[in-house]
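Just so it is clear, none of the values below were taken in a lab; they were calculated from the coordinates. The structure displayed is predicted, hence computed values, not measured ones. Heads up, the Cβs are rebuilt from the backbone with ideal geometry, glycines too, and the neighbour counts pull from every protein chain shown.
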Ligand code: HEC
Ligand code: HEC
């Protein structure tokens, strides 16, 4: 049911995108004034459980904003924000965040053994087959390289528990369902330090 809903929403977003005027990065930057307080200057978050948005693929950002606006993805902090966004704002914000430099892994890896386990789990689960070899993401698939570690843990737990169903045929929810807590922590540690 939720999968069907997100499918319809996605079809609508793609249709809007192809009919629309070109996105305006400068207008996206201006609108992003609303976002800086939580998602940080230049899209690099310094707040726990709040993701960095810098260098996310354009479509990923747009889809997540549409999911929040439609109520398919729920978050108390995002809800009042997305209510203020038009389709045009969403297109411009997608283009703006995609234009920014990606977050760097801030600290040196304090647990290389955990990263090794994460790399192994990622290879076994073929995470790169969708997220790309550099984990920079593409289209509706998120960038996960250099994302905040505790946010990656939260995201994977949210898919696993069904709090977040996700787009693209709910691939992530299906996949995360079989991840153990140990694998989630190792994967998050590995990806956050790329
Ligand atoms: C009051 C704080 C706050 C503000 C302001 C805010 N956000 Fe968020 N945003 C969040 C939090 C917290 C999450 C994580 C939600 C979750 O855990 O599911 C989030 C998630 C997102 C996501 C999903 C990213 C991902 O990696 O899954 C996008 C896209 C996003 N916000 C865009 C925006 C944009 C664009 C604006 C401004 C127009 C904005 N946000 C303003 C707190 C905020
Ligand atoms: C079949 C394709 C596919 C595979 C394989 C896949 N992903 Fe994803 N992933 C996606 C898509 C699509 C999204 C965006 C889903 C959404 O709309 O919430 C996503 C989102 C995510 C997110 C949320 C990021 C954010 O900023 O909100 C994380 C974390 C993630 N994937 C980690 C992984 C890990 C770890 C693996 C391997 C265990 C993996 N993915 C395998 C397609 C895939």
Specify the inter-centroid distance of the stretch 52-90 and the stretch 129-157, based on alpha-carbon positions, in whole Å. 17
Suppose the chain between residue 169 and residue 109 were pulled fully straight at 0.36 nm per residue; how much longer would it get relative to their current alpha carbon spacing? 18.2 nm
Can you tell me the orientation of helix 2-19 relative to the chain, as the angle in degrees between its alpha-carbon axis and the longest Cα principal axis, to the nearest 10? 50
Cα long-axis angle, helix 58-70 against the chain (0 to 90 degrees, to the nearest 10): 70
Degrees between helix 181-192 axis and first principal axis of the chain (Cα, 0 to 90, nearest 10): 70
By how many nm would the segment from residue 132 to residue 48 lengthen if fully extended, with 0.36 nm per residue of separation less the alpha-carbon distance? 27.7 nm
Sort 58-69, 109-120 for me by packing, meaning the mean count of neighbouring Cβ atoms within 10 Å per residue, highest on top. 58-69, 109-120
